[in-house]
1. Tell me, what % of the accessible area of segment 354-465 is carbon and sulfur with a 1.4 angstrom probe?
2. Please list 3J(HN,Hα) in residue order for segment 98-110, calculated via the Karplus relation 6.51 cos²θ - 1.76 cosθ + 1.60 where θ = phi - 60°; whole Hz, with x for glycine and proline.
3. Which shape class applies to segment 414-551: rounded if a/c is under 1.5, otherwise prolate when a/b exceeds b/c and oblate if not, where a ≥ b ≥ c are the square roots of the Cα gyration tensor eigenvalues?
4. Restrict the search to segment 24-118; then list the trypsin sites (Lys or Arg not before Pro) that DSSP places in a loop and that have at most 14 other Cβ atoms within 10 Å of their Cβ.
5. Along segment 914-920, what does the Karplus equation 6.51 cos²θ - 1.76 cosθ + 1.60 (θ = phi - 60°) give for ³J(HN,Hα), rounded to whole Hz, x for Gly and Pro?
6. How much accessible area per residue does the chain have, counting only protein heavy atoms and a probe of 1.4 Å, in square angstrom?
7. How high is the relative contact order of segment 796-922, in percent, with contacts defined as C-alpha pairs under 8 Å that are six or more residues apart?
8. Dipole of the chain, Cα-centred, from +1 at each Lys and Arg C-beta and -1 at each Asp and Glu C-beta, to the nearest 20 debye?
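The values are calculated or read from the model by the stated rules, or taken from the named source; none is laboratory data. Source: prediction; values computed, not measured. When we count neighbours, we look across all protein chains shown, and the Cβ atoms used for this are built from the backbone with ideal geometry, even at glycine. Ligands, DNA and RNA are excluded from the accessible area calculation, which covers all protein heavy atoms including side chains. Shrake-Rupley method; radii C 1.70, N 1.55, O 1.52, S 1.80 Å.
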Amino acid sequence: MKNRLALLCITLLIVGSSYCQNEDSKSLTVLEPRVEYHENPEGLDVRQPRFSWILKGEGRNRVQSAYQITVASSKEKLSQDQADIWDSGKVVSNQTNQIVYQGIPLVSATKYYWKVRVWDESDMVSTWSNPAYWSMGLLKFANWQGLFIGHDVGYNKADKYDSLYLPPARYLRKSFSLNKKIKKATAYTTALGLYELRLNGNKVGEANFLPGWTDYNKRLYYQTFDITNNLREGENVIGAVIADGWYAGYIGYALLVRLDRVREFYGVNPSFMGQIQIEYEDGSIETIASDQTWKSNEGAIREADIIMGETYDARLENAGWDTPNYDDSQWKKPKVYTYPNGKLEAYPGTQVKNTEILKPIAMTEPSPGTYVFNLGKNIAGIAELKVQGPKGTKVQLRFGEILKNDGQIQTENLRKARATDTYILKGDGVETWKPKFTYHGFQYVEVTGFPGKPTLETITGHVLSSIETDASTFGSSNAMNNTLFKNIKTTQSANFFEIPTDCPQRDERLGWTGDAEIYMRSATYNSDVAAFMTKFLVDLDDAQRWYGAYPNFAPFPYSRPNQYAPAWMDAGVIIPYNLYKVYNDTRIVEYMYKGMEKFMQFQEDASTDYLRPGGGNNWGDWLAVNEETSHDYVGASFYGYDAKLMAKMAEALGKTEDATKYANLFENIKNAFVQKYILDNGRTIEDTQTSYALALYFDLYPNDLAEKGAARLAEKIEKNGFKFSTGFLGTKHVMLALSKYGYDDISYKIFQQTEYPSWGYSVENGSTSIWERWNSYTKDDAENSDLNAKMNSFSHYAFGSVAEWMFQHAVGIDTEDAGYRNIIIKPAISKEMDYINGSYKSINGNISSAWNWKGREVQMKIEIPVNTKAKVYIPTVEISSIKEGNKAISKVPSITILESNGEETILEIGSGTYSFRVKGVK
Ligand code: RAM
């Protein structure tokens, strides 16, 4: 060891480095310790949680050769290396994620502290990671002491279709005294409906829309909050505000299409349940649980509906209701509701938070007294109002994604979503307000009824989302494409809202499965969606139809027959596969496996001679322009794709027989598919762009005809002026299929296209988001018919699925195995673009790839994280024309040349940064 370092010092001294001054600086650094994908999560109920971390290290080819995890019952013990819960010992392994806890059984309501250190390629040990922790939730039913409590507000039997029923929020409070020194206090809370937890006048935690949306008949999630610092000796007050939410409020398009039920899909009255558990310094424990000793009332929130909006009458505020010294003698005894039938579990996903604050960029007054604020981009979220005026003044906020020619907001596309917030002033100075239980999809806020003239300060935009879109960067020599990338992220953020919704604005906001599966891989590039999508898969599994199909959306609150469709139901296979592929997560695959098998059986039963016909709702290549691909073709091709993915997942789980079974099934489907759909000249009988894209990308072409099929696709695109005729299904697959068969130039031409239909068309028309339709809007004709179509969302991520191509091909970052340990760097270097650069923060750390032309020279800059390898594909005339730094690649010891064939050279590199120059590229 010492020898190696000494040697290293000499070498480094020659090149003038000062590394050897500090021997420690060469060991690896362990960063971002995570449990179940979360940073210091509270309240897990996974009995054997999984650990992960990221490694940093100087130089090249750095790897982890071993790790050690220790878990202790206190911070102190952890720092003194008393691992009383688990000491993994030195485990010889290069694994840095999906490492399963193997210590003593974890106990309910307990906090665990852990750290990890690693050994590198020369067995040099790192320092320990920063201490991290997680806590367990309430694991046993017997731990729960609360009742589901609410407040009776009566029931107004309004006509269900022609008027809205919007009951007020309910307020619950409980005052209690603490007389001993508190060691630790934790809240475990949930609601049927939505709740906001309050303690001594403040909101607890940062999340909104708790407890999240599930099929409440099957499961309800609870949250765990560490409230040690929120309590004090003496009187304390715990409060909860509850509202209808998804549980009792309006959901989706039920009102629009006049379903039997338009609201109250899971229950009529919201209720709250929970407890706080206080551990005193003297070791005693006290629990304060929701029960009839609490008090209940109505208050200022008069209406609270996710889709319809919120009304707040500040005159009805019970000032100080959630703080001590409040007289609650007028409050009632809460009503007790029955315990639901489903499971009570810890929330596994990522909750809705305020991710960004936006100041308006402009205010206009399109008609007297109507003010329109422009927030600069089309988001999901809420607007905060700042106002001063006489008591009783009613200020109304409405929301729109675009403006009509007269400058007024366009709301026709919201359909039955009233999306209106109202604030009634109490009249005592400056008042600021934002709603708690509603959100909108919007860029523009219309303010009416404002006392006096508003200013830009009047409105503040709060972006709400369950995710941060911080995992990727993308830049290119085409400004339009850079805007497109921003728009994709904006729209992903707007729709990754508790579940992956189709859109955030109109009366829909459902977890449409087709949209989600098409966009899944793109989503992973922009954001760490592992926990978010794991939660959604639980929803999807819960929503699986009794006959085996996965439904059109999940959760699925409606009771309608035949709610499934080819390419939508396949989400049940495609999303788990991608979680496995991107995060190396086999646990979620295991969880979904039974349901997936049932789904495969459903497809088999529906098929004749291995051809699965369309069926169910049959949207085909939804919103395609000018060409239609038959529903049977879509059904058959996705069935083949499912079989292929099932074979891979079965193999990953070690189910070898199943792997063979599904591989054979794939071959059988392929043969039948070829027979029926592929002609001897390589054309599909449908001859649509989408038909080629699906068959080529899903490997349904016979080997000898695939090149011909790809050539025909390229020819069709060219004849169509480098424009699409595809919808949700075909679009991204056209890009992926073209690049798969070497037609990168054509992919770039479509990518940079600005004529309708194209991404560039929306960017040139000023979009800040991804539209549902290729032709949603034009600047000159803001009131054209499509614009006013009742189905025209300006925040639909499905066409943003080109992000998958942008990262896999334009930037060129992909994974060969599951979980980016064996990375592929294969940028599509083309004369159609001057440069592209991008990065992706994988589960192993940051990967980046940048390329540019300098005359006929190509320069490539690559960064590979510690503990991974990459195959790098470099366009080449001859191998001697490639340099890394200033050296010929054959002279760089950290590079292995795997293959070179005159067209490209494939290298293998380990971690580190590399800079290549290639001369004479054609
Ligand atoms: C629309 C949704 C969604 C799509 C379905 C078919 O209502 O917005 O995007 O998947 O229809």
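1. Answer for segment 354-465 is 48 percent, counting heavy atoms of protein chains only.
2. For segment 98-110, the Karplus-derived couplings read 6, 8, 8, 4, 10, x, 5, x, 7, 10, 3, 6, 10 Hz, x marking Gly and Pro.
3. oblate
4. ARG47
5. 9, 9, 9, 10, 10, 8, x
6. 37 Å²
7. Relative contact order for segment 796-922 comes out at 22 percent.
8. 1220 debye
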